[in-house]
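First the structure, in the form of structure tokens, and then the observations on it.
What follows is calculated from the coordinates using simple rules that are stated; it is not laboratory data. Owing to the predicted nature of the structure, the values given are computational and were not obtained by experimental measurement. For neighbour counting, all protein chains shown are included, and Cβ atoms are generated from backbone atoms with ideal geometry for every residue, glycine included.
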Amino acid sequence: MQKTVGNLIAGIILLWDRSIKPGDVIEVGESFGWVNKIGVRAVSIITRDGKEHLIPNEILMTEEVVNWSYSSLEVRVHIEVGVSYNCDIKLAQELMREAAIESPRVLASPKPLVWLVEFGDSAVMFDIRCWIKDPEGGVGNMRADVLMRIWDKFKEHGIEIPFPQRDVHVKNWPAQSPPEPDARPMGEPEAAEEPEIESTKNTAEPAAKDS
């Protein structure tokens with residue numbers, strides 16, 4: 001009963017302050033989608049897979065909620081890419097910028113930026129920052145489009161994308177013991193193994209003589 005009353009009060013508050021409204025693109029925990037309707041007990045969210053999640057109103061009031069379209073539909077997306085230390089860093093940076101600009105969903109203004117953010121263990125890490133205005137269309141498919149364009153450009157210009165490798169250095173290799181020497185004189189053939197003969201005792205009684 002307490003949960004029901006809490007969800008009812010939370011639903012009234014959501015309808016009153018309109019911090020979440022139908023059509024908004026929100027993220028709650030592992031649920032990402034747009035708000036279909038706000039009910040008395042729960043909020044209906046339709047995901048990109050077409051599934052409808054019912055989120056209790058109280059959760060939306062007590063847990064962290066990301067509203068991708070609260071004040072504006074424009075959203076900045078981050079895409080991390082690592083390149084090899086042996087490549088032309090400035091060329092790789094320019095190719096990533098071109099790939100982001102050519103992606104149809106990326107906005108021309110604000111223009112995409114590519115920042116060098118870290119010298120990693122096996123790669124130089126970049127962060128591509130670009131803006132979209134249709135988050136309801138999904139973010140993963142937009143990232144995939146930019147990454148595929150980067151892949152093609154890197155292949156064309158010989159830019160290497162590193163992958164983890166490990167080198168093993170052996171300091172002390174265990175010595176192998178030499179085989180035992182043959183004690184037989186040179187040229188003497190091996191003695192053949194004597195066959196094992198099983199002896200049996202005849203216990204049959206002799207036949208009776210003719211009288």
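Worth a mention:
- Rounded to the nearest Hz, the phi-derived 3J(HN,Hα) couplings of the stretch 132-139 under the Karplus curve 6.51 cos²θ - 1.76 cosθ + 1.60 (θ = phi - 60°) are 10, 10, 10, x, 5, x, x, 9, where x marks glycine and proline.
- Residues whose amide H falls under 5 Å from that of Val43, counting only those 5 or more places apart or on a different chain, are Ile55, Asn57, with hydrogens built in the peptide plane.
- Once Rg and the Kirkwood radius are both taken over the C-alpha atoms of the stretch 75-157, their ratio Rg/Rh works out to 0.97.
- Listed from fewest to most Cβ neighbours within 10 Å, the set Tyr85, Tyr70 follows the order Tyr85, Tyr70.
- Legend: ranking of residues Trp151, Trp16 from fewest to most surrounding C-beta atoms inside 10 Å; resulting order Trp16, Trp151.
- Amide hydrogen neighbours beyond the local backbone of Trp131, cut-off 5 Å, H modeled: Val77, Leu107
- When Arg166, Arg18, Arg41, Arg105 are sorted by how many other C-beta atoms sit within 10 angstrom of their C-beta, beginning with the fewest, the order is Arg166, Arg18, Arg41, Arg105.
- Annotation for the stretch 66-124: GluC sites (Glu not before Pro) lying in DSSP loop with at most 16 further Cβ atoms inside 10 Å of their Cβ are Glu74.
- Virtual spin-label span in nm between Lys37 and Trp16, 7 Å along Cα→Cβ: 2.3
- Sites matching trypsin sites (Lys or Arg not before Pro) across the stretch 50-90 that sit in DSSP coil, with at most 15 neighbouring C-beta atoms within 10 Å: Lys51
- Residue-wise HN-Hα couplings along the stretch 30-41, as the Karplus relation 6.51 cos²θ - 1.76 cosθ + 1.60 with θ = phi - 60° gives them from phi, are 9, 9, 9, x, 10, 6, 8, 7, 10, x, 5, 10 Hz; Gly and Pro carry x.
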